[in-house]
Amino acid sequence: MNDKIMDNLSGMYFTVDDGDGSYATGQVIRIATEGAYFVRFEGEEISLPMELVSVGEMLEATDDDYKLWRFFDTIEEREKWTKWLDTPSTPRVISLVRPPK
């Protein structure tokens with residue numbers, strides 16, 4: 001029997017969406033036990049303590065199958081995502097009427 005626990009998430013950066021439209025960021029620090037990881041959420045000015053999060057929590061989705069957790073290999077990839085997420089979209093007006101000839 002193989003006693004080695006698969007660890008695919010340690011070191012990865014993440015965002016996790018909140019129900020109010022905001023999101024939190026952090027990093028998966030290390031595996032705690034099979035099916036659970038220690039993660040550290042990022043605070044404004046202080047380093048928050050690690051929290052224990054199950055893989056089941058990381059796989060949670062909304063009723064519309066929208067995943068709440070997103071994982072990134074590097075902090076740069078995550079920053080690119082959050083920059084896109086935080087950029088307000090500008091509405092575009094498209095004319096559906098053809099101009100007369």
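For the stretch 51-63, the set of residues classified as part of a loop (DSSP other than H, G, I, E, B) and under 15 Å from the mean Cα position of the chain (by Cα) consists of Leu59, Glu60, Thr62, listed by residue number.
Only a single item in (1) under 12 Å from the mean Cα position of the chain (by Cα); (2) modelled with pLDDT under 90 is not met by Gly21, and it is number (1). Checked against the criteria, Leu52 does not count as surrounded by 10 or more Cβ atoms within 10 Å (Cβ to Cβ), out of contact with any Cys (no Cβ under 6 Å at 6 or more places or on another chain), touching a residue at least 60 places away in the same chain (Cβ under 8 Å) and aliphatic (A, V, I, L, M).
A residue that is part of a loop (DSSP other than H, G, I, E, B) and surrounded by 10 or more Cβ atoms within 10 Å (Cβ to Cβ) occurs somewhere in the stretch 69-92. In the stretch 1-35, the qualifying residues are those that are in contact with a Lys or Arg (Cβ under 6 Å, 6 or more places away or on another chain), under 30 Å from Pro88 (Cβ atoms) and free of Cβ contacts under 8 Å to residues at least 60 places away in the same chain, and the one that is least open to solvent (accessible area, probe 1.4 Å) is Gly26.
The values are calculated or read from the model by the stated rules, or taken from the named source; none is laboratory data. Here the structure is a predicted model, which means the values were calculated and not measured. Neighbour counts run over all protein chains shown; Cβ positions are idealised from the backbone, glycine included. Side chains included, ligands, DNA and RNA excluded: accessible areas come from the protein's heavy atoms. Shrake-Rupley method; radii C 1.70, N 1.55, O 1.52, S 1.80 Å.
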